[in-house]
Structures are given as structure tokens and as C-alpha cells.
Amino acid sequence: MKAKVVLSAGLILAVAACAPQVPDSARGVGFDSYQATQQRDAALQGTSARTPLTVLPPEGGTGAPPPITGTEPVAGSAEDTAAQTALILQQTRPASTAPSTQAVANSAGISQENNFDAVSGQRTIEGDAERLAQNRAQYQLIQPQALPERDGNEQPNIVAFALSTNHPVGTKVYARAGFNGAARAERNCRQYPSPDQAQMDFLARGGPLRDRKGLDPDGDGYACSWNPAPFRKAAQG
């Protein structure tokens with residue numbers, strides 16, 4: 001009987017030795033497995049094992065991690081790449097990406113009177129009413145006055161003279177005496193800037209009855225090719 005018991009125990013021990021070992025579920029998972037991997041990598045690279053760092057994004061930033069401080073990461077590792085990327089982002093980040101709300105200046109100098117949004121921010125209804133009242137207070141009504149009377153010392157009125165006549169240019173009405181009257185008239189008429197000035201001086205010296213300077217050699221009463229036709233036409237409308 002004892003031999004059978006010993007034989008059974010020996011068989012059980014043999015089976016137990018041949019059976020595969022079941023790993024402990026509490027080890028080799030999570031942090032223990034990561035730590036073991038770190039120790040193995042450190043042993044292969046000839047460095048000491050490093051404790052992983054938890055890097056949080058800066059408050060109010062873009063979410064990129066800041067440069068890793070403390071233990072220097074291994075060159076070429078994921079931590080080293082993340083640190084280099086964060087450093088580049090901080091150096092190239094613009095000062096401000098928010099759109100500017102400042103109004104753009106009017107370089108062309110165009111008035112904003114027709115822009116309601118622009119005017120409403122600068123003026124009020126009360127202010128406009130005050131300016132309107134000031135303008136009304138400065139308004140002055142000037143009554144029309146009669147034209148001044150001409151005195152006898154002024155130049156003759158060639159318009160009135162033109163309307164007082166009706167004969168055409170070249171019609172002899174007044175007697176003229178003397179020789180070579182055309183040459184004399186051409187020479188003397190050069191002294192006047194225009195036929196109107198010559199006619200006024202002609203009338204002021206006694207014309208059309210008298211022609212003291214020889215400005216009207218044909219005796220029609222019109223000096224130096226002056227023509228009353230335009231004045232007559234204007235008066236007729």
C-alpha cells in the first residue's frame with residue numbers, strides 16, 4: 001500500500017515539473033513592464049535608467065510641450081524629438097494671431113459722411129442739433145440794393161450807343177474831311193487794345209459828329225472796325 005502512495009506522489013511531482021509556469025498577472029503589466037523596458041534599454045546603451053517625465057502644455061498656449069528640463073533625453077528618442085519640436089514652435093510662434101480690430105485709415109482722403117457706422121461712432125443727434133443751431137445763428141440775409149448811378153465823368157456807354165443806331169457798318173452818316181484818311185485810321189487804331197476801347201475813346205472825344213483822331217474815315221460813326229450788331233442782337237434776345 002505504501003508503495004502505491006509513493007508511486008502516486010512521484011507521478012504528481014513529475015507532472016507538475018513538466019507543466020508550464022503561468023506568469024503572475026500582477027507583474028509585467030503597465031508601469032512594471034515600462035520600467036523593465038527602460039532598464040533593459042539603459043543596460044544596452046550603457047546609461048542609467050531614467051524616470052519618465054510628465055510634460056503638460058503651457059496654460060493658454062497652443063498645446064505644444066515646453067522644452068524638457070532636468071534629465072537630458074537620449075538623442076534620437078521620442079522625447080528628444082518632442083523637445084526639439086516644442087523649442088522650434090516657441091521660437092517661430094507669432095506675437096499675436098488675433099485679427100486687428102483697429103479701423104483702417106482712409107489714405108485716399110474720402111469723406112465718411114455717408115458711412116452710418118463711422119459717423120454714428122463720432123457724432124450724436126444732440127451734437128448735430130447744436131451745430132445746426134449755431135449755423136442758423138450765423139446766417140445773415142442781405143437785402144438787394146439799387147445799382148449806383150453813373151456820373152458824367154465815366155466813359156461813354158457803347159451798348160447804349162449801339163442800341164441808339166440802326167444803320168449797318170460802312171454806311172456814311174457823318175461828314176469827314178481830310179486826305180489819306182484810311183492810312184491815318186489804321187495807324188491810330190493800333191493804339192487801342194480792342195475796337196471797344198477805340199469806340200469809347202471816339203465817343204469821349206466828340207464822336208460820332210467829330211472825329212478828332214481820324215478813327216472813323218468812312219463816317220458811319222463806328223471807329224476802328226467796331227460793330228454794334230452783337231449788342232443789338234443780344235438786346236433782342
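Taken together, the values in this text are just the output of simple stated rules run on the coordinates, not laboratory data. Here the structure is a predicted model, which is why all the values come from computation and not from measurement. All Cβ positions, even for glycine, are placed from backbone atoms using ideal geometry, and neighbour counts span all protein chains on display.
Stretching L89 away from E130 to a fully extended chain increases their span by 9.1 nm, per 0.36 nm per residue minus the current alpha-carbon distance. For segment 137-231, GluC sites (Glu not before Pro) are listed when DSSP marks them as loop and at most 10 other Cβ atoms sit within 10 Å of their Cβ; the list is E149, E154.
Label-to-label distance, A36 versus F231, with points set 7 angstrom from Cα along the beta-carbon direction: 12.9 nm.
Phi angles of segment 161-168 translate, via the Karplus equation with coefficients 6.51, -1.76, 1.60 and θ = phi - 60°, into HN-Hα couplings of 5, 5, 6, 7, 10, 9, 8, x Hz per residue; Gly and Pro are given as x. Among the trypsin sites (Lys or Arg not before Pro) in segment 118-196, those placed in a DSSP loop whose Cβ has at most 10 other Cβ atoms within 10 Å are R150, R190. Once the Cβ-Cβ distance of Q145 and R205 is raised to the sixth power relative to R0 = 30 Å, the FRET efficiency obtained is 0.30.
Compared with the alpha-carbon gap, the fully stretched path from A82 to F179 is longer by 22.9 nm at 0.36 nm per residue.
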